[in-house]
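**Student:** Just passing along the structure, written as structure tokens.
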Amino acid sequence: MIKAAEKIGRPVVLQKYGGTSVATAEHIRRVAQRVVARKREGNAVVVVVSAMGKTTDQLVSLSREINQRPPWREMDMLLHAGEIISASLLAMAIEKEGEPAISFTGAQAGMITDASHTRARIQRVQADRIVEDLGRGRIVVITGFQGITADHEVTTLGRGGSDTSAVAFAAGIGANECEILTDVDGVYTADPRVVENPRKLGWCSYDEMLEMASLGARVLHSRSVEIARRFDVPLLVASSFHEAAGTWICSKERGEKEFSDMETVSVRGVAHNSNVAKISLVDVPDHPGVAAGIFTTLSRYNVQILLIVQAEHRGGANDISFLVSAETLVHVEPHLHDLAKEIGASRVVIDDQVGTVSIVGDGIQSDPSIAARMFSSLAKEGINIDLISSSNLMLACAVPKKRLEDAVRAIHREFLE
């Protein structure tokens, strides 16, 4: 990790702007003005940008018109072009505002990844070139979502890649803070599109944010929060469209010290995820090694398991049910019946009409009344619950997808209104 601030003698701020923030020329001009203002406050500024608006979606659709099963390498070559357009245009706009700027691709900025095309993992950030240009007084604009392998192959980071890029660059240069500027003005106690009056959190711990992101909250991707926690990079989630106090994501110790008079409730938020499917293997023989065989097979298809429940039956057989993300179901579904036959299960049941609703907060498990209140609030609305999972930070259950938003509102009323 390079401590850029020590080398150049100024605080270093990294800002990340999402696709909606740079969707048009006018939006880009506004972002440029905001970036320039941060520099003129006495900071060295690095900016990470996403592709403009729906550019990535449009490129994916175009690829499907050409080839229904495009090679992953060529998808990376195609998709990384979107961020290059944003970065170069923003650098031009910053120059127009009277400040020197330079744009870099992920490769030029030193983002080194493994070779997993379309879902690459970051190995390291070689930030010397960034720091060198900051020292020359330039604003550095970097493409998010992309990197390069040791063999000089272009890669993309997959879902949430721009957030992940931003936090990784912030850690790599030792930025004083990392601002995630987007179309929302902070982290709320529930999705504002579902709950009428959610409350904005003043701060949230890394662990709480990681749980919320993993459980469906779409403000930050879990990979970006993991990096922030590992390198203790404080994040500010705020609006790119207007000046308003955002939400700080930081260590629990820093949050309690600096924001101790805020947010003292155990339950900090309600998250939900409609993008899931339930798979049940029925009458699985109850002997050692069966579960290992099931999940080893699923791991070959890169299936992320969200929740697992085993129900014991009489007669030496169990039912094993688990939730997967809906997009991975299409990859694993053709192999499930072979898997059932291999392990001796009687059948496979797939249900894509489920969703998960979860509460998140430090110490949830230590308060026995919380589970009772959560399940009672769902029972009052006539919402049946299925699989249940818990940890010290969260309590989650599966509910029918058609009642998912009702479940979010009921739980939010119980704990947070």
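**Student:** Could you give the length gained on full extension between K3 and A317, defined as 0.36 nm per residue of separation minus the Cα-Cα distance, in nm?
**Tutor:** Here the answer is 107.3 nm.
**Student:** Could you check which residue among V270, V60, V46 shows the biggest mean-square fluctuation in a GNM of the chain with a 10 Å Cα cutoff?
**Tutor:** Of the options given, V60 has the highest mean-square fluctuation.
**Student:** Here's another thing I want to ask about it. Per 5 Å bin from zero, what fraction in whole % of the C-alpha pairs of the range 279-348 is there, up to the bin with the longest pair?
**Tutor:** In whole percents, the pair-distance histogram is 3, 17, 30, 28, 15, 5, 1, 0.
**Student:** Can you compute the radius of gyration and Dmax for the range 4-183, using only the Cα atoms, both in Å?
**Tutor:** In order Rg, Dmax, the Cα atoms of the range 4-183 give 15.6, 52 Å.
**Student:** Next up: Between the alpha-carbon centers of the range 354-417 and the range 1-23, tell me the distance in whole angstrom.
**Tutor:** If we compute the Cα centre of each part, the gap is 38 Å.
**Student:** Using the 10 angstrom Cβ neighbour count as an exposure proxy, how do C397, C178 rank, fewest first?
**Tutor:** C397, C178
**Student:** Placing one identical point scatterer on every Cα of the range 354-416 and ignoring solvent, what is log10 I(q)/I(0) from the Debye formula at q = 0.14, 0.15, 0.23 Å⁻¹?
**Tutor:** These q points yield log10 I(q)/I(0) values of -0.33, -0.38, -0.92.
**Student:** Collect residues whose amide H, placed 1.01 Å from N in the peptide plane, falls under 5 Å from the amide H of L395; neighbours closer than 5 in sequence don't count.
**Tutor:** Answer set, sorted by chain and number: I359.
**Student:** Another question, then. For a 26 Å ceiling on Cα separation, which of these pairs sit above it: K3/K39; K16/K39; K54/K278; K16/K252; K341/K402; K39/K96?
**Tutor:** K54/K278; K341/K402
**Student:** Please report L78, L134 as a ranked list, fewest other C-beta atoms within 10 angstrom at the top and most at the bottom.
**Tutor:** By the 10 Å Cβ count, ascending: L78, L134.
**Student:** Hey, with R₀ at 25 Å, roughly what FRET efficiency would R129 and F231 work out to, going by the Cβ-Cβ distance, to 0.05?
**Tutor:** 0.80
**Student:** Under 5 Å between amide hydrogens, which residues at least 5 positions from I142 or on another chain qualify, with H placed 1.01 Å from N in the peptide plane?
**Tutor:** Amide H neighbours of I142: V47, V48, V49, F104.
**Student:** Now, a different point. How many percent of Cα pairs in the chain exceed 42 Å?
**Tutor:** 18 percent
**Student:** Indicate the helices, whole DSSP H runs only, in the chain that combine a mean Kyte-Doolittle hydropathy of -0.5 or more with a Cα extent along their long axis of 15 angstrom or more.
**Tutor:** Flagged H segments are 55-66, 72-96, 161-173, 290-300, 326-343, 368-380, 404-416.
**Student:** Another question about this same structure. Could you please rank E41, E177, E342, placing first whichever residue has the fewest other Cβ atoms within 10 Å of its Cβ?
**Tutor:** Listed from fewest to most nearby Cβ atoms, that is E41, E342, E177.
**Student:** I'd like the FRET efficiency for K54 and M92, computed as 1/(1 + (r/R0)^6) with the beta carbon distance as r and R0 of 22 Å, rounded to 0.05.
**Tutor:** Once rounded, the FRET efficiency stands at 0.55.
Every number here is computed from the coordinates shown, using simple stated rules; none is lab data. Quantities reported herein were computed from a predicted structural model and do not represent experimental measurements. Reconstructed Cβ throughout: ideal geometry from the backbone, glycine too, with neighbour counts over all protein chains shown.
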